[in-house]
Structures are given as structure tokens and as C-alpha cells.
Amino acid sequence: MKDLLKAIGLSLAVIAVLGIITRLMFADEMAGKSILPVIAYDVNQDNYVSNSEFHRVNAKRAAENERKGMPLMHEPNGPDFREYDNDLDGRLDEIEFLRSCKRCHENI
């Protein structure tokens, strides 16, 4: 039992470190670009971004940018959420969300 608890603890530590490394990899690539964190899109705070949350926040950001006279990255109703939902579970986890941000900004 003691060995099992050690293995679980070690597994959780590895998962946490991998999460941090992944965030840092994307952070370097996205430095200096205006990107809201996933928490800004995760309206219901379930650690995922649904299709409706994704489009609702994008529409709000587009309206704010238009009001400020800033160019829009994409139309308020686009991009297509399904393009970013890699595992097709109907929601974006943090990694899928960060990848979607990266792809949007690569097209600028």
C-alpha cells in the first residue's frame, strides 16, 4: 500500500511538472501577444471552454476591439470551434485552448 501511495504521489508530481512545462513552452511562443488566459473564456469555471463560451467571449472581444478601432483577428462568429477541439469531446481543455490561440496568432 505504501508503494502504491508513493507511485500515485510521483505520478501526480510528474503530471504537474509536465503541465508547467507545456504552459512555459506556449508562453514563450505567445510572449507579447494579446491573449486572454483560458480562465477568461471558462465562464462557468469547469476548467474547460465550451463552444458557447468560446463564441460568446470571442464576440465580446470583437465588439470591444471594434469600439476601440482595433482590427479584428477574425469574425465574431468564427473561427470554427471544431477546428480546435482535437479530441472531439465538445470542449477545449487548456492545451487545446492554447493551441487555438497560437494558430490564430500565426495567421496575423
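The values are calculated or read from the model by the stated rules, or taken from the named source; none is laboratory data. Bear in mind the structure is a predicted one, so any value in this text is a computation, not a measurement.
All of LYS60, LYS2, LYS6 fail the test of being in the same structural domain as PHE97 (by TED's automatic domain parsing) and at pLDDT 65 or above, apart from LYS60. Checking the stated criteria, SER50 turns out to be modelled with pLDDT of 85 or more and under 15 Å from the mean Cα position of the chain (by Cα). When the range 41-68 is filtered for residues that are within 17 Å of LEU98 (Cα to Cα) and among the small types (Gly, Ala, Ser), only SER50 remains.
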